[in-house]
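See below for the structure under consideration.
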């Protein structure tokens, strides 16, 4: 028994080819032939045949369904055991809003890999190739495509084309002739429907299974009867050709399940874990390179972890780390407005500064020459648009003097940009990014850190253009 599900998708763009009959009865036969094998069934169609066939009690109005599962509900909350020991997820008529969540083709594969469902999963799809159907096709270890006539056979080309476009191996795809009327005979080498369909399929390069499913009035009556119930072929059509055909199909499926060393869900999950591991290595390296202290107040961040509201990084990446929010806001208030903390207007200006600083990136570029020391201060939006530029005089900076106003600024610049013999590293500058104080390390995750790199490149271009 696999730790990840072996997934079978039943798909065809043509309606009325027997998709749901194949899906539901295959689930029952699988469970009958191997009682200890979990079989889970759900549908993206809105005819509720699965519910009618398997539910043991009347559905409650707010009962979780396939919509809830696709929106992220845990499998334990939506999967229930129904008639004949088959597990199923109730159907939904409201899957229209799901498409935004399933923009990617492998979203369902990931869901199944992480669902905790194992054994066999059977997915009954709609008669179209919308994004949910595509996800079900890509998630499948085996795709059964029912064909009953030339129009349904012609539609198969779209499924095969999808796999070609994605570069996915088509060996999981297989046509199965369904609803074959044995009374129809032809003259020549193609003596009946199944022979003709199989020959055309092979000629077009499609894999077509040797077995087929016959058209049967007895089977059709199982779905339409005075009781309004849906009966399985296994229990109500014994002795028919269809019963023995389903036995043959089921045994073939079980042979495939037993032979599968790793299911598609397993392979995809392994790939995801490897991908995350590759992301984690540079993340850990970034964590190790952080400054241990807030460079403004000098406090050890391990001892004072609260209020890490900003992340700083120099243009040469020689220094990186977190800064306390209060330290940054007080520093900017003093540097930009020349105020000391005891000034009567300090709090009002600090509020203004803090509001802007938490929504923009601050760039600090010291410009030092023989005549004067000044700071080229700029603010940028997270999109890289320059919002503000201001030159700030830094009297006494080159002599290492503090003046009570710019003390925090001088400490930060000296700690972050100091080079040989105390001089600042040439052509280096400092960027200060607002971050989530509740999860400051998130800025070092791969996607967030890509934003840092993008902005740093834009800042460099903006500096060079001036």
Considering the stretch 139-166 alone, what residues qualify as being surrounded by 21 or more Cβ atoms within 10 Å (Cβ to Cβ) and over 14 Å from residue 5 (Cβ atoms)?
143, 144, 145, 146, 147, 148, 152, 153, 156, 159
Checked the stretch 362-401 for anything surrounded by fewer than 18 Cβ atoms within 10 Å (Cβ to Cβ) and under 43 Å from the mean Cα position of the chain (by Cα); matches are 376, 381, 382, 383, 384, 385, 386, 387, 388, 389, 390
Criterion violated by residue 404 - all others in (1) modelled with pLDDT of 85 or more; (2) over 43 Å from the mean Cα position of the chain (by Cα); (3) outside any strand (DSSP E or B) satisfied
(1)
Looking only at the stretch 380-401, which residues are over 19 Å from residue 328 (Cβ atoms), in contact (Cβ under 8 Å) with a residue 40 or more places away in the chain and part of a loop (DSSP other than H, G, I, E, B)?
384
Any residue that is surrounded by fewer than 15 Cβ atoms within 10 Å (Cβ to Cβ) and in contact with a strand residue (DSSP E or B) (Cβ under 9 Å, 6 or more places away or on another chain) - is there at least one of those in the stretch 264-279?
no
Criterion first (in a helix (DSSP H, G or I) and at pLDDT 90 or above) does residue 421 satisfy it?
no
Output the residues belonging to the stretch 329-351 that are free of Cβ contacts under 8 Å to residues at least 40 places away in the same chain and surrounded by 15 or more Cβ atoms within 10 Å (Cβ to Cβ).
329, 332, 333, 337, 343, 346, 349, 350
Per the filter on the stretch 28-52, residues more than 16 Å from residue 70 (Cβ to Cβ) and in contact with a helix residue (DSSP H, G or I) (Cβ under 8 Å, 6 or more places away or on another chain) are 28, 29, 30, 31, 32, 33, 34, 35, 37, 39, 47, 49
Condition first: part of a loop (DSSP other than H, G, I, E, B) and free of Cβ contacts under 8 Å to residues at least 12 places away in the same chain. Now tell me which residues in the stretch 211-227 satisfy that.
224, 225, 226, 227
Tell me whether the stretch 448-465 contains one or more residues that are part of a loop (DSSP other than H, G, I, E, B) and either touching a residue at least 24 places away in the same chain (Cβ under 8 Å) or under 40 Å from the mean Cα position of the chain (by Cα) (or both).
no
Return the only residue of 55, 62, 13 being in the same structural domain as residue 252 (by TED's automatic domain parsing) and under 17 Å from residue 137 (Cα atoms).
13
Which one of these is exposed (fewer than 15 other Cβ atoms within 10 Å of the Cβ) and closer than 19 Å to residue 133 by Cβ: 169, 210?
169
Quick one: residue 412 ticks every box in (1) within 30 Å of residue 283 (Cβ to Cβ); (2) part of a helix (DSSP H, G or I); (3) free of Cβ contacts under 8 Å to residues at least 12 places away in the same chain except a single one, so which number is it?
(3)
Is it the case that residue 97 is more than 24 Å from residue 258 (Cα to Cα) and assigned to a loop (DSSP other than H, G, I, E, B)?
no
Hey, among the residues in the stretch 93-117 that are buried (at least 18 other Cβ atoms within 10 Å of the Cβ) and touching a residue at least 40 places away in the same chain (Cβ under 8 Å), which one's farthest from residue 79 (Cα to Cα)?
106
Which listed residue is assigned to a loop (DSSP other than H, G, I, E, B), assigned by TED's automatic domain parsing to the domain that holds residue 51 and surrounded by 15 or more Cβ atoms within 10 Å (Cβ to Cβ), from 253, 249, 230:
230
Take the stretch 418-433 and flag every residue that is under 23 Å from residue 384 (Cα atoms) and in contact with a strand residue (DSSP E or B) (Cβ under 8 Å, 6 or more places away or on another chain).
428, 429, 430, 431, 432, 433
Within the stretch 185-207, restricting to residues that are surrounded by fewer than 12 Cβ atoms within 10 Å (Cβ to Cβ) and at negative phi, the one that is farthest from the chain's Cα centre (by Cα) is 187
Is it true that residue 437 is touching a helix residue (DSSP H, G or I) at 6+ places or on another chain (Cβ under 7 Å), part of a strand (DSSP E or B) and surrounded by 14 or more Cβ atoms within 10 Å (Cβ to Cβ)?
no
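The values are calculated or read from the model by the stated rules, or taken from the named source; none is laboratory data. Source: prediction; values computed, not measured. Positions of Cβ are backbone-derived with ideal geometry, glycine not excepted, and every protein chain shown enters the neighbour counts.
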